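Structure first, then comments.
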Amino acid sequence: MKRYQKLPMIQESELTKLKKIHFIIIIIVLLITGCKSGSQDIVTIKDSILVYFAKGETWAATYTIFDGGESTFDSLYIQHIGNREEEQEPIEYILEGEGIKMASQYPLKLQGVRSLQVSTEYNKELMNLEEHNKELKLIIKQNEESEELLLRLVNEEG
């Protein structure tokens, strides 16, 4: 006949210590895995989004490219920041950089608060987010006048 040996009982003070140690380990793991550095860029290539911005005398613009799964999407937003009392005529634009060129095909009316937004969907194989321009040139033409903006990649180091 086998005799079973009684295991020693954990005393309440030891159990309290184990609970405290377990709690501390959980907090440390959460801090290590759940926190991000404050110096980390908001926009990074691994986030699969590129954001460019520029502001001139009369115009400001944002150009965004992002990974949409099977497609790549882009959006160009142009905002008139000049004299709000002036009547706004239609505009034309040209956006270009290395390997990219897009332009309006005819004059486009500003909408809403003197702004224009155009967007495009690309086959993912045509637009590689890993190889990107640090700057893009945007030319905005209105009433035989033009303004050139140099859009820079937001939060790009270097």
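The values are calculated or read from the model by the stated rules, or taken from the named source; none is laboratory data. Worth saying up front: this structure is predicted, and the values here are computed from it rather than measured. FYI the Cβ positions are ideal-geometry reconstructions off the backbone, even for glycines, and counts take in every protein chain you see. In case anyone asks, the SASA skips ligands and DNA or RNA and just uses the protein heavy atoms, side chains included. Shrake-Rupley method; radii C 1.70, N 1.55, O 1.52, S 1.80 Å.
So the values come out like this:
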item	result
Selected residue [under 19 Å from GLU135 (Cβ atoms) and open to solvent by 30 Å² or more (accessible area, probe 1.4 Å)] from TYR106, TYR93, TYR63, TYR77	TYR77
Looking only at the stretch 130-151, and only at residues there that are in a loop (DSSP other than H, G, I, E, B) and within 29 Å of GLY69 (Cα to Cα), the one that is modelled with the highest pLDDT	LYS134
Any hit, the stretch 10-32, residues being under 24 Å from LYS134 (Cβ atoms) and either at pLDDT 70 or above or surrounded by 10 or more Cβ atoms within 10 Å (Cβ to Cβ) (or both)	no
Residues within the stretch 109-129 that are open to solvent by less than 30 Å² (accessible area, probe 1.4 Å) and under 13 Å from SER71 (Cβ atoms), tallied	1
